[in-house]
Amino acid sequence: MRNSKLRNQILCAIFTALIAIGAFIRIPVPVVPFTLQFLFTTLAGVLLGSRLGATSVILYIVLGLLGVPVFAEGGGPGYILKPSFGYLPGFAIGAYISGYFAEKTGGSSFKNLLLGNALNLAVVYLCGMVYCYVISNYYLGTPIAIWPLVLYCFILAVPGDAVLCVVAAILGSRLVPVIGVKACHTTGSHV
């Protein structure tokens, strides 16, 4: 029991670090470049399970809000006032969802992992867009209408992350059975 708890803490810390690294790996594509942050938050859920996956993302968010510059644009408590902050809690909820689907299928069903990852993607973008709309219109005084919000915060940004959903499902369906991380899904997933 003690070894599995230590193993889970180490895996959680590793994914927290990978998420931070992923925030700075930018893929230059036309119109809206994207980072690998979504890939690592999704894989945290898929490989670690719902609770540990979400915990690793929450730890990442807490580190950033404490001032460690792990977010794509720095860190600190003032980051909450950035219109893009809503994606971060979305990552935590999304990791939980991806992990839930991985737990229910044992992590080896590509189809179910892809479905979980797609729901994860929907939640991340919903949280991000709602937060951006509210903070821009009601706090920052820089109003944004619905159409520009959907265009810039979803239509132009989602294609890269949709590809990452597929990549995470492929990696998850192959890695879980090989590396045995599936044990995190059934053993005490508390950190």
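The values are calculated or read from the model by the stated rules, or taken from the named source; none is laboratory data. Only a predicted model underlies this, so the values are computations on that prediction, with no experimental measurement involved. Note that we place each Cβ from the backbone using ideal geometry, even for glycine, and neighbour counts take in every protein chain shown. In case anyone asks, the SASA skips ligands and DNA or RNA and just uses the protein heavy atoms, side chains included. Shrake-Rupley method; radii C 1.70, N 1.55, O 1.52, S 1.80 Å.
So which of Pro77, Pro28, Pro89, Pro33 ends up being open to solvent by 60 Å² or more (accessible area, probe 1.4 Å) and either touching a helix residue (DSSP H, G or I) at 6+ places or on another chain (Cβ under 7 Å) or under 29 Å from Lys5 (Cβ atoms) (or both)?
Pro77
Out of Ser136, Ser173, Ser84, I need the residue that is part of a helix (DSSP H, G or I), among the hydroxyl-bearing types (Ser, Thr, Tyr) and closer than 17 Å to Phe38 by Cβ. Which one?
Answer to the selection: Ser84.
Based on what the data block shows, is Tyr133 under 12 Å from the mean Cα position of the chain (by Cα) and either under 26 Å from Pro28 (Cβ atoms) or buried (at least 18 other Cβ atoms within 10 Å of the Cβ) (or both)?
For Tyr133, the condition - under 12 Å from the mean Cα position of the chain (by Cα) and either under 26 Å from Pro28 (Cβ atoms) or buried (at least 18 other Cβ atoms within 10 Å of the Cβ) (or both) - is not met.
Please work out which residue is nearest to the chain's Cα centre (by Cα), limiting yourself to region 109-130 and to residues that are farther than 16 Å from Val166 by Cβ and open to solvent by 20 Å² or more (accessible area, probe 1.4 Å).
Here the answer is Val123.
Any residue at all in region 79-89 that is modelled with pLDDT of 95 or more and at positive phi?
Within region 79-89 (the criterion being modelled with pLDDT of 95 or more and at positive phi), the answer is no, since none of the residues qualifies.
When you look at Gly64, is it out of contact with any Pro (no Cβ under 9 Å at 6 or more places or on another chain), more than 22 Å from Cys165 (Cα to Cα), open to solvent by less than 10 Å² (accessible area, probe 1.4 Å) and at pLDDT 95 or above, yes or no? Write out each step before concluding.
Details: out of contact with any Pro (no Cβ under 9 Å at 6 or more places or on another chain): yes; more than 22 Å from Cys165 (Cα to Cα): yes; open to solvent by less than 10 Å² (accessible area, probe 1.4 Å): yes; at pLDDT 95 or above: yes.
Spelling it out, Gly64 is indeed out of contact with any Pro (no Cβ under 9 Å at 6 or more places or on another chain), more than 22 Å from Cys165 (Cα to Cα), open to solvent by less than 10 Å² (accessible area, probe 1.4 Å) and at pLDDT 95 or above.
How many residues does region 13-28 contain that are closer than 16 Å to Ala54 by Cβ and β-branched (Val, Ile, Thr)?
Summing the residues that are closer than 16 Å to Ala54 by Cβ and β-branched (Val, Ile, Thr) in region 13-28 gives 3.
Taking Gly67 as meeting all but one of (1) within 19 Å of Asn8 (Cα to Cα); (2) among the small types (Gly, Ala, Ser); (3) without any contact (Cβ under 8 Å) to a residue 40 or more places away in the chain, write down the number of the exception.
Condition not satisfied by Gly67: (1).
In region 8-31, what residues are touching a strand residue (DSSP E or B) at 6+ places or on another chain (Cβ under 7 Å) and either aliphatic (A, V, I, L, M) or within 15 Å of Leu47 (Cα to Cα) (or both)?
Once the filter is applied, which keeps residues that are touching a strand residue (DSSP E or B) at 6+ places or on another chain (Cβ under 7 Å) and either aliphatic (A, V, I, L, M) or within 15 Å of Leu47 (Cα to Cα) (or both), region 8-31 yields Ala23, Ile25, Ile27.
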